[in-house]
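Engineer: Before anything else, here's the structure in question.
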Amino acid sequence: MKKFLSVVLSAAILFTLGGCDFSKRSKEHGKERNKVDYVKQEAGGASHGKGSAKVGISMPTKDLMRWNSDGDGLKLKLEASGIVVDLQYAANDVSTQISQIENMINSGCKVLIIAAIESSSLESVLEMAEAKNVTVISYDRLIMDSPYVDYYVTFDDYMAGTIQGEYIVESLNLDNSAGSFNIEITAGDPSDNKAAFYYSGAMDVLHPYISSGKLVVVSGQVDFDAVATPMWATDTAQARAENIIAAFYSNGTHIDAWLCSNDSTALGVINALSYMYPGRYPVITGHDCDLANVKCILNGQQSMSVFKDTRTLVSQTVEMTLQILNGNSVDVNDNASYYNGRTTVPSYLCSPVFADSYNYKEILIDSGYYTSDQLH
Ligand code: BGC
């Protein structure tokens, strides 16, 4: 039961129960689904001549490795299918992202693939997209507070959180061990709706252990607001971890686990532990399998990272983009969970897995995601 979400998203559930006919959305929005005279090309046979369509890709930042893989992967695959691509990165600056999207709309993009920097800041630019019949795919992060988000493609974020929670339960063998274990929690950016999914997935697994006293949050900081990390910033996560270690663990108290919602926040926690905490590294979770963090997994500083293979997300998004451009029905597998404050966005959820020191070779190297040289 998604307890946290059921509270946060109760309005969404009510809305959904109230009945939302997705088949009508395109007509309501006056969109003819951009049925362009587009001919799908075989990979390698790309043509930008008659029939090619233009797609805009707006990524938040080049700073995190994952967004570079996403952006490059999408561009490459779309171009291989004969699409003209405008790929922009917005240096985590909201107004830059908005003006890049405006340019994409004005230059004739038929579909926009957007990973929002701040999920609630795109309302007026999406109104502009709607007025020009541009279809909007919210990529990885759900765009909030706009009725003009046509599709959402992401990994199952709640599941990503439960994988982290279960990893902690199993690593500490909580169901079979005597005594109690100490844990701290670092969550993501409150302005990114995914952060609540990751947190609630993990906390729904961990809460029973916290309630029974098997897990003790020594700092007492449990609520999302208390553990959130604006902008997912490594420095901010580090500063908070330093305060916690200084206040609660400098007397030799052990930290057994540190739930971190993603890799950039895990790095902050690892930095703080590396110079302030003399004990063994606790079980530390993350997600993204960023290179720096996989190296931390290999040298024993981080325990696991949820792996959302961006290639899966990229392929699914490209598939949906081609379906839109061809006027075909678009793959979705969740019509209920992602209410953005204005509409419940038809979504496609991919399943994440995790990588740790035992399986990283199979998951990350054998799959061709990284070469072994990159990791050593
Ligand atoms: C993504 C994570 C990423 C985080 C920070 C989230 O929206 O889902 O994969 O770690 O943003 O960029």
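The values are calculated or read from the model by the stated rules, or taken from the named source; none is laboratory data. Treat the numbers as computed from the prediction; the structure is a model and nothing was measured. Cβ coordinates were reconstructed from backbone atoms using ideal geometry, including for glycine residues, and neighbour counts include every protein chain displayed. Each accessible area value is taken on the protein alone, full model and side chains, heavy atoms only, with ligands, DNA and RNA left out. Shrake-Rupley method; radii C 1.70, N 1.55, O 1.52, S 1.80 Å.
Engineer: Which residues, counting only those in the range 300-358, are assigned to a loop (DSSP other than H, G, I, E, B) and small (G, A, S)? Can you show your working first?
Structural biologist: Let us first name the residues in the range 300-358 that are assigned to a loop (DSSP other than H, G, I, E, B), namely 300-303, 308-309, 326-333, 335-338, 340-343, 345-346, 351-352, 357-358.
Across the range 300-358, the qualifying residues are G300, S303, G327, S329, A336, S337, G341, S351, S357.
Engineer: Does F224 satisfy the criteria of being open to solvent by 30 Å² or more (accessible area, probe 1.4 Å), among the aromatic types (F, W, Y) and more than 19 Å from D140 (Cα to Cα)?
Structural biologist: Numbers: open to solvent by 30 Å² or more (accessible area, probe 1.4 Å): no; among the aromatic types (F, W, Y): yes; more than 19 Å from D140 (Cα to Cα): yes.
Considered against the rule, which asks whether it is open to solvent by 30 Å² or more (accessible area, probe 1.4 Å), among the aromatic types (F, W, Y) and more than 19 Å from D140 (Cα to Cα), F224 comes out as no.
Engineer: May I pose another question? With the checklist (1) in a helix (DSSP H, G or I); (2) open to solvent by 50 Å² or more (accessible area, probe 1.4 Å) in hand, flag the one item N92 doesn't pass.
Structural biologist: (1) is the only condition that N92 fails.
Engineer: Here's a follow-up. N293 fails exactly one of the following numbered conditions: (1) within 16 Å of the ligand (Cβ to nearest atom); (2) touching a residue at least 60 places away in the same chain (Cβ under 8 Å). What is the number of that condition?
Structural biologist: (2)
Engineer: If the requirement is being without any contact (Cβ under 8 Å) to a residue 12 or more places away in the chain and within 23 Å of the chain's Cα centre (by Cα), which of these qualifies: S69, S95?
Structural biologist: Details: S69 fails: without any contact (Cβ under 8 Å) to a residue 12 or more places away in the chain.
Being without any contact (Cβ under 8 Å) to a residue 12 or more places away in the chain and within 23 Å of the chain's Cα centre (by Cα) holds for just one of S69, S95, which is S95.
Engineer: Give the residues of the range 231-272 that are of a type in the set (A, V, I, L, M), open to solvent by 10 Å² or more (accessible area, probe 1.4 Å) and assigned to a helix (DSSP H, G or I), sorted by residue number. Write out each step before concluding.
Structural biologist: Filtering the range 231-272 for residues of a type in the set (A, V, I, L, M) gives 231, 233, 237, 239, 241, 244-247, 255, 257, 259, 266-267, 269-270, 272.
Those still in the list that are open to solvent by 10 Å² or more (accessible area, probe 1.4 Å) too: 231, 233, 239, 246-247, 267.
Within the range 231-272, M231, A239, A246, A247, L267 qualify.
Engineer: Still on this model: Considering only residues of the range 342-371 that are modelled with pLDDT of 95 or more and among the polar types (S, T, N, Q), which is farthest from I324 (Cα to Cα)?
Structural biologist: S357
Engineer: Within the range 211-241, can you find the residues that are in contact (Cβ under 8 Å) with a residue 12 or more places away in the chain, at negative phi and more than 26 Å from the chain's Cα centre (by Cα)?
Structural biologist: So in the range 211-241, the residues in contact (Cβ under 8 Å) with a residue 12 or more places away in the chain come out as 213-219, 221-222, 224-225, 227-241.
Okay, now just the ones that are also at negative phi, so 214-219, 221-222, 224-225, 227-230, 233-241.
Hits for the range 211-241 are K214, L215, V216, V218, S219.
Engineer: A further question on this structure: If a residue has to be over 10 Å from the mean Cα position of the chain (by Cα) and within 12 Å of the ligand (Cβ to nearest atom) to count, how many in the range 137-151 make the cut?
Structural biologist: In the first step, residues of the range 137-151 are kept if they are over 10 Å from the mean Cα position of the chain (by Cα); the result is 137-138, 143-151.
Add one more test, that the residue is within 12 Å of the ligand (Cβ to nearest atom), and what stays is 138, 143.
Number of matching residues: 2.
Engineer: In the list D156, D189, which residue meets the criterion of being within 19 Å of A228 (Cα to Cα), acidic (D, E), within 14 Å of the ligand (Cβ to nearest atom) and in contact (Cβ under 8 Å) with a residue 40 or more places away in the chain?
Structural biologist: Working: D156 fails: within 19 Å of A228 (Cα to Cα).
Going through D156, D189 in turn, the sole match is D189.
Engineer: If you scan the range 322-339, which residues turn out to be among the polar types (S, T, N, Q) and surrounded by 21 or more Cβ atoms within 10 Å (Cβ to Cβ)? Full working, then the answer.
Structural biologist: Step one: of the range 322-339, the residues among the polar types (S, T, N, Q) are 323, 326, 328-329, 333, 335, 337.
Within the range 322-339, just S337 meets the criteria.
Engineer: Can you pull out every residue in the range 279-321 that is open to solvent by 30 Å² or more (accessible area, probe 1.4 Å), touching a Ser or Thr at 6+ places or on another chain (Cβ under 9 Å), hydroxyl-bearing (S, T, Y) and not assigned by TED's automatic domain parsing to the domain that holds W232?
Structural biologist: Selection gives T312 alone.
Engineer: Continuing with the same structure: Which pairs turn up if I take residues in the range 194-209 that are away from the ligand (no atom under 11 Å from the Cβ) and look for partners that are outside any helix (DSSP H, G or I) and among the polar types (S, T, N, Q) with beta carbon separation below 8 Å, at least 6 apart in sequence or on another chain?
Structural biologist: Taking only residues 6 or more apart or on different chains, the pairs are Y199/S261; A202/S261; A202/T285.
Engineer: Please give the number of the condition P278 fails out of (1) part of a loop (DSSP other than H, G, I, E, B); (2) closer than 24 Å to C296 by Cβ; (3) modelled with pLDDT under 95; (4) within 16 Å of the ligand (Cβ to nearest atom).
Structural biologist: Looking at each condition in turn, P278 falls short on (4).
Engineer: Could you run through the range 360-376 and say how many residues are part of a helix (DSSP H, G or I) and touching a residue at least 24 places away in the same chain (Cβ under 8 Å)? First the steps, then the outcome.
Structural biologist: Filtering the range 360-376 for residues part of a helix (DSSP H, G or I) gives 360-365, 372-375.
With touching a residue at least 24 places away in the same chain (Cβ under 8 Å) added as a condition, the list becomes 360, 363-364, 374-375.
Residues flagged as part of a helix (DSSP H, G or I) and touching a residue at least 24 places away in the same chain (Cβ under 8 Å) within the range 360-376 amount to 5.
Engineer: Could I ask something else about it? Restricting the search to the range 73-95, which residues are away from the ligand (no atom under 16 Å from the Cβ) and closer than 24 Å to D288 by Cβ? Outline the logic, then answer.
Structural biologist: Applying the first criterion (away from the ligand (no atom under 16 Å from the Cβ)) to the range 73-95 yields 75-88, 95.
Answer for the range 73-95, where residues must be away from the ligand (no atom under 16 Å from the Cβ) and closer than 24 Å to D288 by Cβ: K75, L76, K77, L78, V85, L87, Q88.
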